[in-house]
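None of the figures in this text is laboratory data; all of them are computed from the coordinates on show. Being a predicted model, the structure only gives us computed values, none of them experimental. Cβ coordinates were reconstructed from backbone atoms using ideal geometry, including for glycine residues, and neighbour counts include every protein chain displayed.
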Amino acid sequence: MVEYKFVEVNLRGAINKRYESEDGQSPQEIIEEYAKRSYRFINILPKSYVGYGTLKTYDLVFEKIKD
């Protein structure tokens, strides 16, 4: 059986744009955190866009094999 987790990441900042989760973690930090918990990063799922096709919100998708 496979378990999936979806973590939402948002575009933040007006001048220095960056992507963060609700608790302020960068995508890299999120991936490292889930890897420590034996999850494997699978993909990014776009959720919403702002002007000129800039990605505003997306989900990081992780999977874990459960016995």
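I'd like the projected area of the chain, averaged over all directions, using the convex hull of its alpha carbons. Report it in nm² with one decimal. Write down the numbers at each step before the final one.
Values: hull surface 19.6 nm².
Mean orientational projected area (the chain, Cα hull): 4.9 nm².
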Starting at the first residue of segment 16-31, write each ³J(HN,Hα) from the Karplus equation 6.51 cos²θ - 1.76 cosθ + 1.60 with θ = phi - 60°, in whole Hz, x for Gly and Pro. 8, 5, 8, 9, 9, 7, 4, 9, x, 7, 6, x, 4, 5, 5, 4
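Can you give the net charge of the other residues whose Cβ lies under 14 Å from the Cβ of Lys66, counting K and R as +1 and D and E as -1? The partial results should precede the final answer.
Numbers: positive: Lys5, Arg37, Arg40, Lys64; negative: Glu3, Glu63, Asp67.
Cβ neighbours under 14 Å give a net charge of +1.
Order these peptides, 37-43, 57-63, by their mean beta-carbon neighbour count within 10 angstrom, highest first.
On the way: 37-43: 13.0, 57-63: 17.9.
Ranked from most to least packed, the peptides come out as 57-63, 37-43.
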If you plug each phi of segment 32-39 into the Karplus form 6.51 cos²θ - 1.76 cosθ + 1.60 with θ = phi - 60°, what whole-Hz ³J(HN,Hα) values come out, in order, with x for Gly and Pro? 5, 4, 6, 4, 5, 9, 6, 8
For the chain, what is the calculated [θ] at 222 nm in deg cm²/dmol (nearest 500), taking -39500 (n - 2.57) for each run of four or more DSSP H residues and dividing by its residue count? -4500 deg cm²/dmol
Spatially proximal lysines relative to Lys17 (Cα-Cα < 20 Å; intrachain offsets below 8 disregarded): Lys47, Lys56
